[in-house]
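Report on the following structure.
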Amino acid sequence: MADQAKGIPVAKEGLPFILIGGFLTLGAWTMGWVEFACLLGAFTLFTTWFFRNPARTIPPGDHVIVSPGDGVVVAIEKEFEHRYLKAESVRISIFLNVFNVHINRMPIAGIVEDMVYQPGKFMVAKHPEASSGNEQNVLMLRRSDGVKILCVQIAGLIARRIVAWVVPGEQVEKGERFGLIRFGSRMDVYLPQGSTIRVHVGEKVKGGSSILGEVPCAEPS
């Protein structure tokens with residue numbers, strides 16, 4: 001799949017909201033409802049801004065793991081990932097509020113081995129329980145040297161729509177746009193134990209351009 005959102009100023013999923021908001025704003029203004037038109041106009045502008053799709057400079061290097069989303073690092077935890085990787089891992093959790101860019105990007109280049117949608121709750125995405133209990137979409141990624149990375153889109157308190165534009169078996173590039181989560185959410189990335197972590201809790205990161213960590217490339221056999 002080519003990066004289907006490349007060069008588009010807003011995500012296509014936002015266009016219905018923007019067009020409806022613009023139409024209602026124009027209608028209210030035409031009817032002379034100035035204050036209501038201003039409110040609708042403000043909503044339309046915010047919606048356009050929310051679905052913005054900025055270009056990013058992707059750091060080079062197969063060993064470099066980039067952030068899948070914009071936001072704040074809320075947790076870095078060592079744990080056994082028992083659902084999919086079934087291995088000791090380092091989980092990096094990133095909270096996206098309504099003011100962040102919500103386009104999601106691939107943390108590595110490789111193959112989408114599998115993708116699993118899990119229905120669930122809509123707890124506040126900052127809570128630790130959100131990693132396993134909230135509605136989510138799990139992408140299992142495999143680098144060309146066999147290293148596996150787990151990337152999880154997690155819905156939050158007011159997020160009700162997870163979108164992914166990739167399918168299992170697809171070849172993807174690092175930093176490539178692959179989906180979005182609407183209106184507040186969280187991204188979890190699971191790196192192999194022993195990875196070098198380059199971020200800290202409380203740090204702001206940008207999808208596709210901020211380096212979360214490094215995982216050495218395996219030597220060819």
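The values are calculated or read from the model by the stated rules, or taken from the named source; none is laboratory data. Fair warning: this is a prediction, and the values are worked out from it, not measured in the lab. Methodologically, a virtual Cβ is constructed for each residue, glycine included, from the backbone with ideal geometry; neighbour enumeration extends over all protein chains shown.
Annotations for the structure displayed:
- For the range 133-163, a residue qualifies if it is surrounded by fewer than 16 Cβ atoms within 10 Å (Cβ to Cβ) and either at pLDDT 85 or above or on the phi > 0 side of the Ramachandran plot (or both), and the qualifying residues are Arg142, Ser144, Asp145, Gly146.
- Restricting the range 184-207 to residues that are of a type in the set (Lys, Arg) and more than 12 Å from the chain's Cα centre (by Cα), the residue that is nearest to Ile65 (Cα to Cα): Arg198
- Checked against the criterion of being out of contact with any Asp or Glu (no Cβ under 8 Å at 6 or more places or on another chain) and at pLDDT 80 or above, the candidates Val166, Val112, Val124, Val205 yield just one match: Val166.
- Subset tally (residues that are under 13 Å from Ile149 (Cβ atoms) and assigned to a strand (DSSP E or B)) for the range 180-207: 6
- Members of the range 166-193 that are aromatic (Phe, Trp, Tyr) and closer than 13 Å to Leu139 by Cβ: Phe178, Tyr190
- Any hit, the range 50-63, residues being assigned to a helix (DSSP H, G or I) and over 21 Å from Gly110 (Cα atoms): yes
- Listed by first and then second residue, the pairs linking a residue in the range 31-42 that is within 15 Å of Ile20 (Cβ to Cβ) to a residue that is part of a helix (DSSP H, G or I) and among the hydroxyl-bearing types (Ser, Thr, Tyr), with Cβ atoms under 8 Å apart and 6 or more places separating them unless they lie on different chains, are Ala37/Thr25; Leu40/Thr25; Gly41/Thr25.
- Of all residues in the range 78-92 being assigned to a strand (DSSP E or B) and free of Cβ contacts under 8 Å to residues at least 24 places away in the same chain, the one that is surrounded by the fewest Cβ atoms within 10 Å (Cβ to Cβ): Phe80
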